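The structure under discussion appears below in the form of structure tokens.
The values are calculated or read from the model by the stated rules, or taken from the named source; none is laboratory data. Here the structure is a predicted model, which means the values were calculated and not measured. So basically every Cβ, Gly included, is an ideal-geometry build from the backbone, and we count neighbours across all protein chains shown.
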Amino acid sequence: MPKVHQTGGNGRRRGRGSYVGTSLSEINVVPLVDVMLVLLIIFMVTAPMMQQGLSVNLPQLRRAEPVTSQPLYVTIPANFGETRIVQIGDDEVRVDILHERVKQAILPRDDKSLFLRMDATVTAQNMMDVMEQLKQAGVEKIGITTKPVERR
């Protein structure tokens, strides 16, 4: 709060009879910084403990059979817009009967997933048409394959 000082009549000061002086009103930030550093240390110590998952002992099997199923690939060529033909493996199939052929191919398999390869010029609508047929066939997961960017 400002203090009001009275000036005496000794003539040292001209003008009004009193003046306003300011007192030292600064915020002491040292305790604030101390508290913030303590909180930072607490959070740094407790954060790794909060990210730990459940500890589970998984069962082991002596005679585990390796996975022998080959991945199933459906390829959409660049001329799909005109021909409406895709490839399952090496076989060419019209998109109208794609769901029947894929259903036959994934029926004996445990995993109902396949990989979709396509030319870079295939439109999103054509890709969605093929994916709709694959979902109709009962495919649970569709992986879209790409090739890595070539460095020049």
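Overview of values
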read-out	value
Residue under evaluation K147, criteria (1) crowded, with 16+ Cβ neighbours inside 10 Å; (2) out of contact with any Lys or Arg (no Cβ under 9 Å at 6 or more places or on another chain); (3) within 21 Å of Q70 (Cβ to Cβ); (4) not aromatic (F, W, Y), criterion not met	(1)
Lone unmet requirement of (1) surrounded by fewer than 10 Cβ atoms within 10 Å (Cβ to Cβ); (2) modelled with pLDDT of 85 or more for M36	(1)
Any hit, the range 98-106, residues being of a type in the set (A, V, I, L, M), under 20 Å from Q70 (Cβ atoms), out of contact with any helix residue (DSSP H, G or I) (no Cβ under 7 Å at 6 or more places or on another chain) and at pLDDT below 90	yes
Test for A105: is it of a type in the set (A, V, I, L, M), free of Cβ contacts under 8 Å to residues at least 12 places away in the same chain and under 19 Å from I144 (Cβ atoms)	no
Residues satisfying the stated conditions in the range 115-134, i.e. surrounded by 13 or more Cβ atoms within 10 Å (Cβ to Cβ) and either of a type in the set (S, T, N, Q) or at pLDDT below 90 (or both)	F115, L116, R117, M118, V122, N126, Q133
